Amino acid sequence: MGQIVDPEGRVCEQTKWHSRQKHAFLEEYLDIWSNQVGKDGKSKLPTLDIFDLYASFGFCFCPVEKKTWMGSALLAAECLKKYQSGKLLFLNTYHPDENELRAQKKSLENGLSNIHLPERVRTVIESLPIEKAVEFVISHVNPNYPSLWILDPYQPEHLPWDIVERICKLEGSYQAGNRKITRRPELFICLMTGRLQRLTGIDKEKEKVGTALGMEENMWKAKLENYRDSDDNTRRALISMYAEKIAETISEKNKMQRKAEKSGHKQLFFE
Ligand SMILES: C[S@@+](CC[C@H](N)C(=O)[O-])C[C@H]1O[C@@H](n2cnc3c(N)ncnc32)[C@H](O)[C@@H]1O
């Protein structure tokens, strides 16, 4: 929703109060790394890389409640600081307007500098439109190690399905005793079902639904009808369709992988 200065003079993302819930949920989720994975202080902990591709200003401020709190990027930074094996913090903060972009980046850098990340955490800040950001970052990821991706756009159409698909396909593997286990990235997606639902009913906006869901109009319409027949409301139907699409992407990749293994082309997927 753009910038706003809070009573302490910090330039923040202007946010509605309900967003606080999203950040509280993300904070709890990220705490799993320090409170669970790293709780016994084991020496051989897996490393963790976090990629926040819609990082914004760092802080959020709700003018109605007059409250400031940490947005996704600063929560991610806190997580990597607390978790003993936090390794990479990749933040992409972009805005099509150059002045907004500059303000976002400056404010994000200020917020980060107050967190005092330890040296083991490498921080990279980029300012690229999402397609370029994902292109750039994918070439630097090692999918054999845990990675967490935060995808929190303003609008559902700002996160085209093919971006999600490319991230889902970043599979690697790790060894657990004699077994080779597939490693997949973890995705935290803010799916804006309210707006998606509205767009499904507006003729000239339907293309945006297709972009976000990665489906032709006739396909998402048919699926939506199907879910509605089984008594689901549109919001739940959209969530189910999205989850189903992610599951399909993963199983499609597994099928290709098994086929390649049979024909002796294992390295195509594991190197
Ligand atoms: C909902 S805000 C992100 C809030 C942030 N995750 C937080 O928790 O504080 C969406 C962000 O996406 C940025 N954005 C808009 N268009 C974009 C695009 N095409 N590619 C990447 N980012 C974009 C906006 O400037 C804004 O910073």
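Every read-out reported here was derived from the displayed coordinates using simple, explicitly stated rules and does not represent laboratory data. These numbers come from a predicted model, not from an experiment. Counting neighbours? That spans all protein chains shown, and the Cβs are built from the backbone with ideal geometry, glycine included.
Rounded, prolate or oblate: which fits the stretch 20-77 when a ≥ b ≥ c are the square roots of the eigenvalues of the alpha-carbon gyration tensor, with rounded for a/c under 1.5 and prolate only if a/b beats b/c? In terms of gyration-tensor shape, prolate.
By its C-alpha gyration tensor, with a ≥ b ≥ c as the square roots of the eigenvalues, how is the stretch 83-225 shaped: rounded for a/c under 1.5, else prolate for a/b larger than b/c, else oblate? In terms of gyration-tensor shape, oblate. Using the Karplus relation 6.51 cos²θ - 1.76 cosθ + 1.60 with θ = phi - 60°, the per-residue 3J(HN,Hα) values for the stretch 77-91 come to 4, 4, 4, 5, 6, 6, 6, 4, 10, x, 10, 10, 10, 10, 10 Hz, with x marking Gly and Pro.
Cβ-to-Cβ counts within 10 Å put 139, 240, 107 in ascending order as 139, 240, 107, the fewest first. The HN-Hα couplings worked out from phi for the stretch 160-166 by the Karplus form 6.51 cos²θ - 1.76 cosθ + 1.60 (θ = phi - 60°) are x, 3, 5, 5, 4, 4, 5 Hz, whole numbers, x standing for Gly and Pro.
3J(HN,Hα) along the stretch 239-245, derived from phi through the Karplus expression 6.51 cos²θ - 1.76 cosθ + 1.60 where θ = phi - 60°, amounts to 5, 4, 4, 5, 5, 4, 5 Hz, with x in place of Gly and Pro.
Determine the shape class of the chain: with a ≥ b ≥ c the square roots of the Cα gyration tensor eigenvalues, call it rounded for a/c under 1.5, and otherwise prolate if a/b is greater than b/c, oblate otherwise. Oblate shape, in that a/c is at least 1.5 and b/c is the bigger or equal ratio.
Taking 14 Å as the straight-line reach from the Cα of residue 67, the aspartates and glutamates in range (excluding those fewer than 8 positions away in the same chain) are 6, 8, 13.
Provide the FRET efficiency to the nearest 0.05 for the residue 16-residue 155 pair, computing r from the beta carbons and using R0 = 22 Å. Computed FRET efficiency for residue 16 and residue 155 comes out at 0.90.
The distance linking the stretch 177-200 with the stretch 75-119 is 22 Å (Cα centroid to Cα centroid, whole angstrom).
Where only DSSP H runs of four or more residues are counted, the chain gives -13500 deg cm²/dmol as its mean residue ellipticity at 222 nm, each run worth -39500 (n - 2.57). In summary, the aspartates and glutamates within cross-link reach of residue 208, defined as a Cα separation below 18 angstrom excluding same-chain residues under 8 places away, comprise 131, 152, 157, 162, 165, 216, 217. Subtracting the Cα-Cα distance of residue 42 and residue 251 from 0.36 nm times their residue separation leaves 71.9 nm of extension gain. Of 105/221; 22/206; 81/106; 169/204; 16/81, which pairs sit farther than 30 Å apart, going by alpha carbon to alpha carbon? Going by Cα-Cα distance, 105/221; 169/204 fall outside the 30 Å limit.
The residues 190, 12, 60, when put in order of fewest to most other Cβ atoms within 10 Å, stand as 190, 12, 60.
Computed FRET efficiency, Cβ-Cβ of residue 8 and residue 113, R0 25 Å: what is it to the nearest 0.05? In this case the efficiency is close to 0.95.
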